[in-house]
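Here's the structure we're looking at; comments come further down.
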């Protein structure tokens, strides 16, 4: 019984981690596209600040759920020797 629960918990944890990672990526894309919107400079600055903080929190949340192996995969994707 415990093994079944652990497998389900791990599956949910992994899915939630990937969802948080994708939301983090979407937040960064919105930050890049924000200057092209029809908002005032003050609104763009405020939204950019909020989105950057949100993207970082989502990213670190995904790392906490997905673990070290996911972090190593991300590092090897961006740092190729």
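The values are calculated or read from the model by the stated rules, or taken from the named source; none is laboratory data. Being a predicted model, the structure only gives us computed values, none of them experimental. Positions of Cβ are generated from backbone atoms using ideal geometry, with glycine treated the same way; all protein chains shown enter the neighbour counts.
Below, the figures for the structure above:
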quantity: Residue 23 in contact with a helix residue (DSSP H, G or I) (Cβ under 8 Å, 6 or more places away or on another chain), in a helix (DSSP H, G or I) and surrounded by 10 or more Cβ atoms within 10 Å (Cβ to Cβ); calculated: yes
quantity: Residue tally, condition farther than 13 Å from residue 52 by Cα and touching a residue at least 12 places away in the same chain (Cβ under 8 Å), over region 20-35; calculated: 2
quantity: Residue 16 being in a helix (DSSP H, G or I) and surrounded by 15 or more Cβ atoms within 10 Å (Cβ to Cβ); calculated: no
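Residue-wise test of (1) in contact with a helix residue (DSSP H, G or I) (Cβ under 7 Å, 6 or more places away or on another chain); (2) modelled with pLDDT under 90; (3) assigned to a helix (DSSP H, G or I); (4) exposed (fewer than 12 other Cβ atoms within 10 Å of the Cβ).
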position: 43; (1), (2), (3), (4): no, no, yes, no
position: 46; (1), (2), (3), (4): no, no, yes, no
position: 53; (1), (2), (3), (4): no, no, yes, yes
position: 56; (1), (2), (3), (4): no, no, yes, no
position: 62; (1), (2), (3), (4): yes, no, yes, no
